[in-house]
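Asks: To start, I am sharing the structure in question, which I have written as structure tokens.
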Amino acid sequence: MNVTPREDLDWLAFRYLAAELSPAESLHFESRLEHDQQAREAVGRLVETTCAVRSLDWDVASRVMPVRRSRPWYRRRAAQVVTGLAVGLMVALLVWGPDRARQQREPEGRFAKVPPAVELAVVWSHVRTELNTQRVEEAAGWRWLASAEGETDAADSTDEEDAPDAPDWIVSAVVAMESQEEAQRTPAANIEGI
Amino acid sequence: MSAAAEERIDPATVAALHARYGEELQRFLVGLLRDHQLAKDAFQATFVKLAERGHETREESRKGWLFRVAYNEAMLARRRQAIDGAALRRVAWGRKSVGPSAETQLVRKETIALVRQAIQELPPEQQQVVRMRIYEDKTFAVIAAELGIPLGTALGRMRTALIKLRAKLEQQP
């Protein structure tokens with residue numbers, strides 16, 4: 001009984017066809033072909049394979065099939081891990097990077113310096129004046145009612161009471177502007193004093 | 001009609017056997033003889049024998065019988081031509097005797113397409129050895145020397161590639 005596995009037999013048939021067997025091996029295989037149907041079929045199979053390979057246009061095939069260096073799985077996995085870490089590090093730097101950390105260490109007052117303080121103060125003063133003027137004009141039509149109820153006249157109230165609450169950033173801007181103005185005034189006073 | 005003629009195998013059976021095993025037998029003969037013309041002669045002689053003596057064979061063993069007769073016819077053709085087997089093989093394996101057109105005739109288009117696909121799926125180092133051995137007709141010793149690899153490595157790559165190619169071809173009906 002022939003116990004040669006089919007792959008071994010195919011390989012033997014291929015080497016026979018390719019004249020890679022020694023003369024003794026070749027004769028032995030030929031004598032085997034005389035009675036071994038599996039060996040004959042192996043020869044037929046390998047002729048089919050080699051003829052198909054040779055009938056390919058390898059010059060075209062080589063252009064179609066660029067030689068790719070396939071990396072082993074562990075190298076591909078390592079490359080993926082390194083890439084992932086790099087991306088993660090970049091994201092971390094963007095989120096918690098030195099700029100952000102510095103910004104968090106900065107006192108809030110310094111953020112108030114970012115908008116131009118003097119301009120903000122001017123804008124706010126202008127808006128505030130307009131609002132107050134409008135209120136006075138509106139209140140003029142209803143003053144009789146207020147008097148009749150004996151309530152405090154709106155005109156008697158101070159501007160400070162009627163003014164809307166200013167946001168913090170405006171207060172900071174105004175404070176900054178005032179301190180700047182004061183600083184400018186102080187040397188002049190000194191000069192006058194001289 | 002004579003008694004001998006009456007005993008002969010039915011022509012329809014011969015035709016059916018030709019259709020069923022013809023391609024395989026042709027490939028076998030080309031593999032043995034490495035010459036398409038010789039293989040064709042041996043193939044014809046095989047079926048003449050089948051027509052003459054096929055009735056003596058049992059139906060279940062006819063495939064084996066055909067291959068055995070084909071083998072004998074191939075050996076007979078060799079002796080008749082008085083051609084040294086090794087010299088013949090060298091010529092036949094080269095491109096002079098078995099040209100691409102003859103090879104294309106010997107294998108079906110589907111087979112070629114499958115082989116192309118299988119080769120594309122091979123790792124580059126195996127593709128290279130297949131090309132050098134089968135297409136460029138270099139010996140394994142030359143391939144090993146040119147690639148700077150041990151002979152065993154070249155053989156191993158070729159063997160692995162062949163197994164994959166055969167596995168792919170087995171997929172076809």
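Asks: Does residue A:57 qualify as being within 12 Å of chain B (Cβ to nearest Cβ) and at pLDDT 80 or above?
Replies: No: the conditions fail for residue A:57.
Quick grid of which residues meet (1) under 16 Å from the mean Cα position of the chain (by Cα); (2) at the interface with chain A (Cβ under 9 Å from one of its Cβ atoms); (3) modelled with pLDDT of 85 or more:
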site: B:21; (1), (2), (3): yes, no, yes
site: B:43; (1), (2), (3): yes, no, yes
site: B:49; (1), (2), (3): no, no, yes
site: B:52; (1), (2), (3): no, no, yes
site: B:80; (1), (2), (3): no, no, no
site: B:93; (1), (2), (3): yes, yes, no
site: B:96; (1), (2), (3): no, no, no
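Asks: State which residue is nearest to the other protein chains (Cβ to nearest Cβ) when the search covers only region B:54-78 and only residues that are more than 20 Å from residue A:13 (Cβ to Cβ) and basic (Lys, Arg).
Replies: B:62
Asks: In the list A:95, A:91, A:82, which residue meets the criterion of being more than 7 Å from chain B (Cβ to nearest Cβ), exposed (fewer than 10 other Cβ atoms within 10 Å of the Cβ) and modelled with pLDDT of 60 or more?
Replies: Values: A:91 fails: exposed (fewer than 10 other Cβ atoms within 10 Å of the Cβ); A:82 fails: exposed (fewer than 10 other Cβ atoms within 10 Å of the Cβ).
The conditions single out A:95.
Asks: Out of all the residues in region A:1-14, which are more than 9 Å from every other protein chain (Cβ to nearest Cβ) and either assigned to a helix (DSSP H, G or I) or not β-branched (Val, Ile, Thr) (or both)?
Replies: A:1, A:2, A:5, A:8, A:9, A:12
Asks: Then there is this: From (1) modelled with pLDDT under 85; (2) surrounded by 13 or more Cβ atoms within 10 Å (Cβ to Cβ), pick out the condition that doesn't hold for residue B:4.
Replies: (2)
Asks: For region B:58-78, how many residues are more than 20 Å from the chain's Cα centre (by Cα) and part of a helix (DSSP H, G or I)?
Replies: Total meeting the criteria: 3.
Asks: Has region A:39-55 got at least one residue that is surrounded by fewer than 19 Cβ atoms within 10 Å (Cβ to Cβ) and more than 23 Å from residue B:122 (Cβ to Cβ)?
Replies: no
The values are calculated or read from the model by the stated rules, or taken from the named source; none is laboratory data. In this text, all values refer to a predicted model and were calculated from it rather than measured experimentally. FYI the Cβ positions are ideal-geometry reconstructions off the backbone, even for glycines, and counts take in every protein chain you see.
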